[in-house]
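Here is the structure we will look at.
The values are calculated or read from the model by the stated rules, or taken from the named source; none is laboratory data. Because the structure is a prediction, the values reported are computed rather than measured. In this analysis, Cβ positions are derived from the backbone assuming ideal geometry, glycine residues included, and neighbour counts consider all displayed protein chains. These accessible areas exclude ligands, DNA and RNA; they are computed on the full protein's heavy atoms, side chains included. Shrake-Rupley method; radii C 1.70, N 1.55, O 1.52, S 1.80 Å.
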Amino acid sequence: MLLLRVAEEELVQLYLDEKLFSMVHFYVGQEAVGVGVCSQLNPDDKVLSTHRSHGHYLAKGGDLKRMVCELLGRSNGAARGKGGSMHMIDKSVNFVGSTPLLGSAVPLAAGVAFEEKYNKKGGVAVGFMGDGASEEGVVYETYNLAALYELPLLLVIENNTWSVNSNINERRGKKYDIATIAKGFGLPYLRADGNDFNDVSTKAAELLKGIRAGGGPAVLECLVYRHMAHSTPLMDDKQGLRREDTLERRLERDSMKLMRAELVKAGSTEAEIKDLEEATRREVREAIEFAKASPYPQQEEMFTDVFYE
Amino acid sequence: MSDRILKTADAIREATDQVMAKDPSVYVIGLGVPQGAGGTTNGLKQKYPDRILDTPTSEAALTGLAVGSAIAGLHPIVHHDRVEFSLLAADQIFTQAAKWNYMFGGGGPVPIIFRIVIGRQWGNGPQHSQALYSLFGSVPGLKVVVPSSPAMAKGLLIAAARDKNPVVMLESRWLYGIKEEVSEAMYQVPLDKAQVVQQGSDITVVGYGDALYTARQALELLGEHKKRVELIDLVSINPIDHATIHASVQKTGRLLTVDTTNGAFSVGSEVISKAAQSRVGFVDAPRGLAAPDVPCPTPPSLSEFWYPTKVTIANAILEMLGLPRIDLQLPFEELHLPPTTTL
């Protein structure tokens with residue numbers, strides 16, 4: 001979680017300095033979800049993600065340097081500089097890929113789960129999505145299809161209440177209830193406090209236990225705060241949008257603050273935590289320097305990889 | 001008659017059976033495929049019970065699931081019984097499958113076959129018979145083929161099953177009943193090469209799918225002038241094999257394209273555009289024959305005038321050769337019922 005937070009804090013400055021020419025959707029505030037869920041996965045389990053991909057990528061063990069290189073459009077990035085922030089991939093840790101079209105990764109994750117079952121591999125696929133994506137038709141279709149085929153699939157809805165700048169209250173009927181929807185499709189469903197690592201990981205573990213036992217797909221909804229604006233590393237409080245999830249309230253329930261308190265309770269000292277933070281920041285800055293010194297793709301590379309050879 | 005004279009639907013079925021027998025990663029998914037899919041999957045559910053999959057009526061999810069499983073290493077054949085239904089899965093075909101390897105800088109193969117049916121037949125009308133060839137042809141990352149005969153359909157499907165990329169096979173249902181001798185062998189037809197069906201000296205006619213079939217019929221109306229026509233079957237519309245066309249037009253000096261869909265932004269327009277830009281030495285202005293730029297109407301009294309027929313194609317050729325037109329009224333059966341000809 002610390003790596004996720006520090007990495008994006010450092011990347012903010014790169015964006016402001018106009019060094020980062022990729023559309024970015026920062027994960028700041030939502031770290032406990034990615035890390036909480038991935039902490040319950042085996043190395044062989046697969047993860048698919050969204051436009052807000054950095055956190056899931058790092059939580060599954062994706063390479064930091066290749067991520068930063070990708071954000072800076074360098075040829076040694078995760079997608080050799082061709083994808084940018086929204087297209088993270090690290091197959092060596094079974095991070096299958098992230099794709100920004102809302103809801104699009106959900107049936108893809110079902111397909112990855114389908115292959116696990118088809119070839120009797122025994123792994124689980126996880127598909128992350130936001131509350132906005134969870135409103136796409138293909139997601140409701142996938143609930144039914146995945147249930148029909150009894151797929152080993154965990155779908156995680158990170159509900160930060162915002163779809164770009166549209167609040168959940170503007171987007172849903174008054175009686176909309178995802179718990180009832182999941183029940184209607186016959187899917188086990190749990191709701192977690194997405195700011196709280198322990199709550200997320202406990203509930204993910206419970207659902208994963210059922211999935212691994214052959215119980216078919218399940219849905220985990222995590223209530224979180226998106227600290228920053230939709231697609232810039234800036235606060236959007238001044239636009240007057242954040243009437244309920246004010247900055248004050250977000251900081252009060254911030255995932256890193258809760259985690260820090262947990263660590264102290266478990267016996268870590270402030271000095272130890274500070275050392276860890278500094279070591280993490282050094283690691284991130286090293287990655288940024290490495291990326292800055294890395295080459296851009298050559299012009300010819302525009303024409304490669306259209307097809308797999 | 002040889003027992004190897006197969007209909008297009010049977011040839012597709014045989015290819016599917018052969019690739020499934022050889023490669024356990026191949027499965028077929030689509031609404032109604034266990035029930036036969038127009039004859040193209042007849043009996044396969046009994047032979048491969050776990051690999052012929054019926055689905056909810058959810059095109060986006062079933063297509064996305066297939067794409068995801070291809071990314072994970074399987075080789076699905078997705079069947080959409082009308083091109084209109086495949087549009088409900090456009091994100092998964094155009095934006096996910098077609099971009100996956102590129103956007104991840106060589107992220108890995110997406111071996112998947114989209115078998116999408118163009119529903120040309122009497123009474124199908126505006127929402128069941130669109131022939132959206134150019135839509136698929138214009139998306140980088142897709143290989144798009146259009147079979148014009150049973151033997152070609154079989155060879156293309158087998159080649160697609162050996163390819164590691166998304167291949168769209170747009171199948172004109174109009175041609176499901178035509179027959180041809182088809183080899184039992186597991187042969188391949190290249191996915192990116194046009195075929196010169198007949199060599200000729202004075203005019204190049206380019207078609208694909210049911211347009212190629214009709215153009216072939218048109219040649220029979222030309223008498224002694226038939227041999228002056230070089231007939232080219234595009235086979236693939238993504239990519240288009242321009243080199244074969246340009247070499248032909250260089251020789252003949254005349255180019256006629258035939259599309260059985262709207263003329264605007266058509267494959268024929270693309271062929272003519274590229275030929276014009278390549279200085280192939282035209283002796284006459286190239287011409288594109290296509291359906292008018294209105295939706296395909298439902299009643300036979302109107303659809304009769306929508307599709308190019310063998311008579312309109314023959315007359316376009318005759319006009320370009322400076323010869324008199326022929327006057328021939330086609331019977332109702334030939335205009336509106338799918339052909340059952342043996343090639």
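Would you say B:Ala314 is small (Gly, Ala, Ser) and either over 23 Å from B:Ser201 (Cβ atoms) or in a helix (DSSP H, G or I) (or both)? Give the steps one after another, and end with the answer.
Numbers: small (Gly, Ala, Ser): yes; either over 23 Å from B:Ser201 (Cβ atoms) or in a helix (DSSP H, G or I) (or both): yes.
Yes.
For the range A:90-117, taking the residues that are open to solvent by less than 10 Å² (accessible area, probe 1.4 Å) and in a loop (DSSP other than H, G, I, E, B), the one that is farthest from the other protein chains (Cβ to nearest Cβ) is identified as A:Gly103. Filter the range A:75-89 down to the residues that are more than 8 Å from chain B (Cβ to nearest Cβ) and open to solvent by less than 20 Å² (accessible area, probe 1.4 Å) and list them by number. Once the filter is applied, which keeps residues that are more than 8 Å from chain B (Cβ to nearest Cβ) and open to solvent by less than 20 Å² (accessible area, probe 1.4 Å), the range A:75-89 yields A:Gly84, A:Ser85, A:Met88. Taking first residues from the range B:70-86 that are touching a residue at least 12 places away in the same chain (Cβ under 8 Å) and partners that are among the acidic types (Asp, Glu) and open to solvent by less than 10 Å² (accessible area, probe 1.4 Å), the Cβ contacts under 7 Å between residues at least 6 apart in sequence or on separate chains come to B:Gly73/A:Glu115; B:Leu74/A:Glu115. Please determine, by comparing only the residues of the range B:82-135 that are facing another protein chain (nearest Cβ under 10 Å) and on the phi > 0 side of the Ramachandran plot, which one is most open to solvent (accessible area, probe 1.4 Å). Restricting to residues being facing another protein chain (nearest Cβ under 10 Å) and on the phi > 0 side of the Ramachandran plot, the top hit is B:Gly106.
Could we say that A:Gly55 is open to solvent by less than 10 Å² (accessible area, probe 1.4 Å) and either within 14 Å of another protein chain (Cβ to nearest Cβ) or over 13 Å from the mean Cα position of the chain (by Cα) (or both) here? It would help to see each step written out before you state the result.
Values: open to solvent by less than 10 Å² (accessible area, probe 1.4 Å): yes; either within 14 Å of another protein chain (Cβ to nearest Cβ) or over 13 Å from the mean Cα position of the chain (by Cα) (or both): no.
Spelling it out, it is not the case that A:Gly55 is open to solvent by less than 10 Å² (accessible area, probe 1.4 Å) and either within 14 Å of another protein chain (Cβ to nearest Cβ) or over 13 Å from the mean Cα position of the chain (by Cα) (or both).
Checked against (1) open to solvent by 20 Å² or more (accessible area, probe 1.4 Å); (2) more than 8 Å from chain B (Cβ to nearest Cβ); (3) of a type in the set (S, T, N, Q), A:Asn144 meets all criteria but (2).
Scanning the range B:197-218 for residues that are without any contact (Cβ under 8 Å) to a residue 60 or more places away in the chain, touching a strand residue (DSSP E or B) at 6+ places or on another chain (Cβ under 6 Å) and either open to solvent by 50 Å² or more (accessible area, probe 1.4 Å) or over 17 Å from B:Ser273 (Cα atoms) (or both) yields B:Val197, B:Gln198, B:Gln199, B:Gly200.
In this structure, does A:Val35 turn out to be under 24 Å from A:Val112 (Cα atoms), among the hydrophobic types (A, V, I, L, M, F, W, C), touching a strand residue (DSSP E or B) at 6+ places or on another chain (Cβ under 9 Å) and touching a residue at least 12 places away in the same chain (Cβ under 8 Å)?
On the way: under 24 Å from A:Val112 (Cα atoms): yes; among the hydrophobic types (A, V, I, L, M, F, W, C): yes; touching a strand residue (DSSP E or B) at 6+ places or on another chain (Cβ under 9 Å): no; touching a residue at least 12 places away in the same chain (Cβ under 8 Å): yes.
So A:Val35 does not fit the description; no.
Taking into account only those residues within the range B:257-311 that are within 14 Å of B:Ile245 (Cβ to Cβ) and part of a loop (DSSP other than H, G, I, E, B), which is modelled with the highest pLDDT? Taking the candidates together, the pick is B:Pro286.
Of all residues in the range B:45-61, how many are touching a helix residue (DSSP H, G or I) at 6+ places or on another chain (Cβ under 6 Å) and either part of a helix (DSSP H, G or I) or under 26 Å from A:Val106 (Cα atoms) (or both)? Step through it out loud before you land on a result.
Quick first cut of the range B:45-61, residues touching a helix residue (DSSP H, G or I) at 6+ places or on another chain (Cβ under 6 Å) only: B:45, B:48, B:52, B:54-56, B:58-61.
Those still in the list that are either part of a helix (DSSP H, G or I) or under 26 Å from A:Val106 (Cα atoms) (or both) too: B:45, B:52, B:54-56, B:58-61.
The number of residues fulfilling the criteria is 9.
Among the residues making up the range B:235-247, those that are open to solvent by less than 30 Å² (accessible area, probe 1.4 Å) and either in the same structural domain as B:Val168 (by TED's automatic domain parsing) or more than 13 Å from B:Ile272 (Cα to Cα) (or both) are B:Val235, B:Ser236, B:Ile237, B:Asn238. Among the residues in the range A:156-177, are any hydrophobic (A, V, I, L, M, F, W, C), closer than 30 Å to B:Leu53 by Cβ and outside any loop (DSSP other than H, G, I, E, B)? Taking every residue of the range A:156-177 in turn, at least one turns out to be hydrophobic (A, V, I, L, M, F, W, C), closer than 30 Å to B:Leu53 by Cβ and outside any loop (DSSP other than H, G, I, E, B). Filtered by the rule that a residue be β-branched (Val, Ile, Thr) and within 18 Å of the chain's Cα centre (by Cα), the range B:215-243 gives B:Ile232, B:Val235, B:Ile237, B:Ile240. Being surrounded by 16 or more Cβ atoms within 10 Å (Cβ to Cβ) and not β-branched (Val, Ile, Thr) is the filter here, so list the residues in the range B:265-281 that pass it. Once the filter is applied, which keeps residues that are surrounded by 16 or more Cβ atoms within 10 Å (Cβ to Cβ) and not β-branched (Val, Ile, Thr), the range B:265-281 yields B:Ser266, B:Gly268, B:Ser269, B:Glu270, B:Ala275.
Here is a yes/no grid of residues against (1) of a type in the set (Gly, Ala, Ser); (2) touching a Ser or Thr at 6+ places or on another chain (Cβ under 6 Å); (3) exposed (fewer than 13 other Cβ atoms within 10 Å of the Cβ):
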residue	(1), (2), (3)
A:Leu258	no, no, no
A:Ala261	yes, no, yes
A:Glu270	no, no, yes
A:Glu277	no, no, no
A:Val284	no, no, no
A:Ile288	no, no, no
A:Lys292	no, no, no
A:Glu301	no, no, no
A:Asp305	no, no, no
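Any residue at all in the range A:18-37 that's modelled with pLDDT of 95 or more, at the interface with chain B (Cβ under 9 Å from one of its Cβ atoms) and over 23 Å from A:Ser166 (Cα atoms)? No; the residues of the range A:18-37 include none that is modelled with pLDDT of 95 or more, at the interface with chain B (Cβ under 9 Å from one of its Cβ atoms) and over 23 Å from A:Ser166 (Cα atoms). Going through the range A:178-206 one residue at a time, which ones are in a loop (DSSP other than H, G, I, E, B) and touching a Cys at 6+ places or on another chain (Cβ under 6 Å)? Hit for the range A:178-206 is A:Gly194, nothing else.
Looking at (1) touching a Phe, Trp or Tyr at 6+ places or on another chain (Cβ under 6 Å); (2) outside any helix (DSSP H, G or I), which is the one condition that is false for A:Ala32? Result: A:Ala32 passes all but (2).
Based on this model, can you work out whether A:Val126 counts as more than 30 Å from A:Glu300 (Cβ to Cβ) and within 16 Å of the chain's Cα centre (by Cα)? Show your work before the answer.
On the way: more than 30 Å from A:Glu300 (Cβ to Cβ): yes; within 16 Å of the chain's Cα centre (by Cα): yes.
In short, yes.
Within the range B:180-192, is there a residue that is closer than 20 Å to B:Phe265 by Cβ, among the aliphatic types (A, V, I, L, M) and buried (at least 24 other Cβ atoms within 10 Å of the Cβ)? No, the range B:180-192 contains no residue that is closer than 20 Å to B:Phe265 by Cβ, among the aliphatic types (A, V, I, L, M) and buried (at least 24 other Cβ atoms within 10 Å of the Cβ). Counting the residues of the range B:73-130 that are of a type in the set (D, E, K, R) and in a loop (DSSP other than H, G, I, E, B) gives 4. Among the residues of the range B:4-20, are any of a type outside the set (Phe, Trp, Tyr), assigned to a loop (DSSP other than H, G, I, E, B) and either touching a residue at least 24 places away in the same chain (Cβ under 8 Å) or surrounded by fewer than 20 Cβ atoms within 10 Å (Cβ to Cβ) (or both)? Checking the range B:4-20: at least one residue is of a type outside the set (Phe, Trp, Tyr), assigned to a loop (DSSP other than H, G, I, E, B) and either touching a residue at least 24 places away in the same chain (Cβ under 8 Å) or surrounded by fewer than 20 Cβ atoms within 10 Å (Cβ to Cβ) (or both).
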